[in-house]
């Protein structure tokens, strides 16, 4: 049983997933700090107030802190915008630049001269009509 557990833990995808989670958490801290320390104060300088946590309403002596919800929504939108504009867009442009010089994909199939079915380039016999391909 321990051998199976060791085999499971040391499989590539489990280790890759663990590394991705750790890197994701560290990256999340960086993006959160960027939004909290730079973007939110910038918006507060323009709009006036950046902390809505004190906003609430009361019904039958129950407090509904809708200000915290507003803060959470604004933080989410700011983090999503920062990730999209500072990470996703530049990476997509770099990938597009890298792919622009690549040749179009070479064909991987050809037509059988007897039945005109699509067969792999390396095939020596047609899978459909079994004729020999030279």
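None of the figures in this text is laboratory data; all of them are computed from the coordinates on show. Nothing here was measured: the structure is a model prediction, and the numbers come from that model. For neighbour counting, all protein chains shown are included, and Cβ atoms are generated from backbone atoms with ideal geometry for every residue, glycine included.
Data for the structure
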quantity: Residue-averaged [θ]222 nm for the chain, counting only DSSP H segments that reach four residues, each worth -39500 (n - 2.57); calculated: -16500 deg cm²/dmol
quantity: Part-to-part distance (alpha-carbon centres) for the range 57-75 and the range 84-134, which is given in Å; calculated: 55
quantity: Rounded to 10°, Cα long-axis angle of helix 12-34 versus longest principal axis of the chain; calculated: 40
quantity: The chain, relative contact order in percent, only Cα pairs under 8 angstrom and at least six apart counted; calculated: 11
quantity: Ascending count of other beta-carbon atoms within 10 Å, so fewest first, for 74, 119; calculated: 74, 119
